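Structure record follows, encoded as C-alpha cells.
Rule-based calculations on the coordinates, nothing more; no lab input. Keep in mind that what you see is a predicted model, and the values were worked out from it rather than measured. Positions of Cβ are generated from backbone atoms using ideal geometry, with glycine treated the same way; all protein chains shown enter the neighbour counts.
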Amino acid sequence: MKTVNIIIADDHLMFLEGLHTILNEMPQVKDVHLATEGKQVMRLLGQFEIDLIISDINMPKMDGIELLSEAKKHKADIKIIMLSMLDNHRTVHKVIQKGADGFVPKFTSKEELQKAVRTVIDGEQYFSDIIKQRYMESVFERKKYKDIELSQREKEVLKLLADELTSKEISEALFISVNTVETHRKNILLKTGAKTTTGAVKFAIESGLFED
C-alpha cells in the first residue's frame, strides 16, 4: 500500500488536532506535520518530503489560495486539498483555477474527508457536491459577463476605484487628467450597466476581473 506524508494547515488548533486524529486513522498516511499558517507550510516543504497538503483558506500571513500557488511552484506534483467554510462560488472558482486537487467544506464528515484523501492520493481529483455546485454557479455567472469588454485602461481605473481612490488620486497614479478619469468612469458604468461605482466594482468581482 502506498503511504504518504502530509502537512495539514489551519490557524485553529482544535480543528487542526481533530484533522490530525482523523488522518492518523488511515493506513495510507505515514507522517503528519502540523502548521498554523502558510509560511510555516512552505518551511516544512523545504525540510521534509511531502506528498499532500490539506489547508484551510482563511489563514494569517499567507492564505490558502496564495499557499496553493506557492506550493505548486515549489513542487509541481504535490497534491493539495483545500478546506474552508468559504464555499461561495467565486472562492471555489479561484481555488479550482489555481490547480487544487480537492476541495471540501469544513463541515464535511470524517468519512468524506478520508475519501477525499484516498482519491487524491490515487491521482484523481475530489470535490464535494456542494463545491461542484458552487463552481457551476461561478461558470454561469461569468457567462453573463462574457460579452462585456473593458479596455486595459478602464480596468486600471476600476481597480483603483475599488481601492477607494478619488478621481484626482487616480489621475496622479495613472498620469492622466481628472477629466480623462471621469470619462473612463462614465464608460465603465455604461458598459457594465451599473448605476454607481459600487455597482461597477461588484461587476468586476463577480466577473473575475480582479482575480490573478
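Points to keep in mind about this one:
- Scalar couplings 3J(HN,Hα) for segment 192-200, obtained by applying the Karplus form with A = 6.51, B = -1.76, C = 1.60 to θ = phi - 60°, are 8, x, 7, 8, 9, 4, 4, x, 5 Hz; x denotes Gly and Pro.
- Under-5 Å amide H pairs with F127, H placed in peptide plane, nonlocal only: F103
- Around the amide H of I54, modelled in the peptide plane, lie the amide H atoms of I7, I8, A9, I81, all under 5 Å away and 5 or more residues distant in sequence or on another chain.
- Taking K79, K39 and counting other C-beta atoms within 10 Å, the order from fewest to most: K39, K79
- With a cut-off of 15 Å between beta carbons, the residues surrounding V41 carry a summed charge of -3, where Lys and Arg count +1 and Asp and Glu -1.
- Identified option (computed volume of the Cα convex hull per residue in Å³; candidates [x] 137; [y] 193; [z] 123): [x]
- Our summary gives segment 152-206 a relative contact order of 37 percent, counting only alpha carbon pairs under 8 angstrom and 6 or more residues apart.
- When the listed pairs K72/K110; K79/K110; K2/K72; K2/K94; K98/K132; K30/K75 are checked against a 24 Å cut-off, the alpha-carbon distance exceeds it for K72/K110; K2/K94.
- Taken one residue at a time, the phi angles of segment 113-127 give Karplus couplings (6.51, -1.76, 1.60, θ = phi - 60°) of 4, 5, 4, 4, 4, 4, 5, 5, 4, 7, x, 10, 9, 9, 10 Hz. Gly and Pro are set to x.
- Sequence-distant residues sharing a close amide H with V32 (under 5 Å, placed H): I6
- Each residue of segment 30-39 was assigned a 3J(HN,Hα) from its phi angle through the Karplus expression (A = 6.51, B = -1.76, C = 1.60, θ = phi - 60°), giving 8, 10, 10, 10, 10, 9, 9, 7, x, 5 Hz with x at Gly and Pro.
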